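Remarks on the structure that follows.
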Amino acid sequence: MKIVFFNHKGGVSKTTTAYNIGWMLGILGKKVLLVDADPQCNLSGLILGDKFDEYYFEELTKEQNIKDSVKMAFGGKPIPISAATCYSPERNKNVFLLAGHANLSEYDASLSLAQNSNNAISALQNLPGAFNELINLTSQKYQIDFVLIDLNPGLSAINQNLFILSDAFLIPTNPDPFSIMALDTLANVLPKWVDWSDRMKDLFSEAAYPLSDSRPKFIGGLIQRFNIRNGKAAKPYRENIEEIKDLMQGKLYESFKKLNMVFDRETYSAASIPVDFCIAEIPDFQGLLPKAYESGVPVFAIDDDEIHESGTVQTEMKTKRDRFYQEFETIAKQLIIVKNHAKSI
């Protein structure tokens, strides 16, 4: 199952969320391909850690990334796309990284032209299906169960392309007025992208890399990056949280439903996804985050001896770590149920 993490507003922790959920799926025994489609390469940085610079300059690995893996298609070379070689972190061998590239956006103009030329320019006909071909071949190579795709915060042709090749999507957000405005935009833009795919599939059906037959469906949203007071979101955030939930179960769901971009109610029920489609409310990681960066793992995977604290501080951090473990374990299990249930119906 290919799942896109997308919100065209930045700073909503979509990269960290994709990383955390992917890592947890790996802990649960699923093979996960993490696709970094953001030129900032933050997801690649989280996985590669101290090996980041080395990875992009070493001869063996410098072209093992999403941009160079499709350059034959975008460069018009008569060489077929092949599976990428992926990096797998030592502490989770079920996780595989299709690394990002800082210059990925160089392909955006030609992809936009290809997607809007109605296949009138034959030299561009293989571009819209190129990323799908790469991801499919790489998934086959590593026997992947879940592909998690981290998009950059924008409405580019590359984001459109990667969105329409997915099977499902999650919308990370945070409780502020700008996030609410962004959700309004997504309710209009995402169905337009799917409508384009519906109209174009036949035109690209004879291409070497045809468009995907997938149809992205809304799994839900995650509200994150807020402070806790007395066991719940602090007062400045609560009204925004409720407004986001209203938008997700109202305008977003109804907009997606018109284009068959939602699962049936039985699937949501089987996965215990609430009627407001808020899969989780995830507070700020606070002091655990720098320790996670130092250890090269998500906050919930920090070992006791990596906390480097004592007394009450250590106890509180271990409690928070374990709480985040339970939170992301629940989310990962929900995605497994959605995948299995959707396949069975």
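For residues in region 210-231 being in a loop (DSSP other than H, G, I, E, B) and modelled with pLDDT of 90 or more, which is nearest to G10 (Cα to Cα)? The extreme case among them is P216.
Whenever a residue of region 46-72 is in contact (Cβ under 8 Å) with a residue 60 or more places away in the chain and within 21 Å of E106 (Cα to Cα), its partners that are among the small types (G, A, S) and surrounded by 14 or more Cβ atoms within 10 Å (Cβ to Cβ), lying with C-beta atoms within less than 8 angstrom and at least six residues away or across chains, give the pairs I66/A37; I66/A84; I66/A99; I66/G100; S69/A84; V70/A130.
Reported count of residues in region 190-209, each being at pLDDT below 95 and within 16 Å of K2 (Cβ to Cβ), is 2.
On inspection, K320 qualifies as part of a helix (DSSP H, G or I) and more than 20 Å from the chain's Cα centre (by Cα). Among the residues of region 290-329, those that are surrounded by 13 or more Cβ atoms within 10 Å (Cβ to Cβ) and among the small types (G, A, S) comprise A292, S295, G296, A301. Taking the conditions (1) modelled with pLDDT under 95; (2) closer than 16 Å to D36 by Cβ; (3) polar (S, T, N, Q) in turn, N161 satisfies each one other than (1). Could you pull out the residue among D68, D108, D50 that is surrounded by fewer than 20 Cβ atoms within 10 Å (Cβ to Cβ), at pLDDT 95 or above, over 20 Å from S139 (Cα atoms) and of a type outside the set (V, I, T)? One residue alone meets the criteria, D108.
A quick yes/no check of all residues on (1) under 20 Å from the mean Cα position of the chain (by Cα); (2) within 30 Å of Y237 (Cβ to Cβ); (3) of a type in the set (G, A, S):
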{"residue": "A168", "(1), (2), (3)": "yes, yes, yes"}
{"residue": "P175", "(1), (2), (3)": "yes, yes, no"}
{"residue": "F178", "(1), (2), (3)": "no, yes, no"}
{"residue": "A182", "(1), (2), (3)": "yes, yes, yes"}
{"residue": "V189", "(1), (2), (3)": "yes, yes, no"}
{"residue": "V194", "(1), (2), (3)": "yes, no, no"}
{"residue": "M200", "(1), (2), (3)": "no, no, no"}
{"residue": "E206", "(1), (2), (3)": "no, no, no"}
{"residue": "S212", "(1), (2), (3)": "yes, no, yes"}
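Could we say that E133 is of a type in the set (D, E, K, R) and surrounded by 22 or more Cβ atoms within 10 Å (Cβ to Cβ) here? Spelling it out, E133 is indeed of a type in the set (D, E, K, R) and surrounded by 22 or more Cβ atoms within 10 Å (Cβ to Cβ).
In region 275-292, the residues that are β-branched (V, I, T) form Cβ pairs under 8 Å with partners that are surrounded by 14 or more Cβ atoms within 10 Å (Cβ to Cβ) and in a strand (DSSP E or B), at six or more places apart or across chains, as follows: I279/L170; I279/I219; I279/G220; I279/G221; I279/L222; I282/L222; I282/I223; I282/Q224. Where helices (runs of 4 or more DSSP H) fall entirely within region 89-194, those with at least 2 residues that are small (G, A, S) and either in contact (Cβ under 8 Å) with a residue 40 or more places away in the chain or farther than 28 Å from I27 by Cβ (or both) are at 108-116, 130-142.
Here region 68-88 is the region considered, the condition is being of a type in the set (V, I, T) and assigned to a loop (DSSP other than H, G, I, E, B), and the residue that is farthest from P210 (Cα to Cα) is T85. Scanning region 258-277 for residues that are of a type in the set (D, E, K, R) and outside any helix (DSSP H, G or I) gives D264, D276. Taking region 57-67 as the range and being in a loop (DSSP other than H, G, I, E, B) and closer than 14 Å to L43 by Cα as the test, only I66 passes.
The values are calculated or read from the model by the stated rules, or taken from the named source; none is laboratory data. Since the model is a prediction, treat every value here as computed from it, not as a measurement. Don't worry about glycine lacking a Cβ; one is built from the backbone with ideal geometry, like all the others, and counts go over all protein chains shown.
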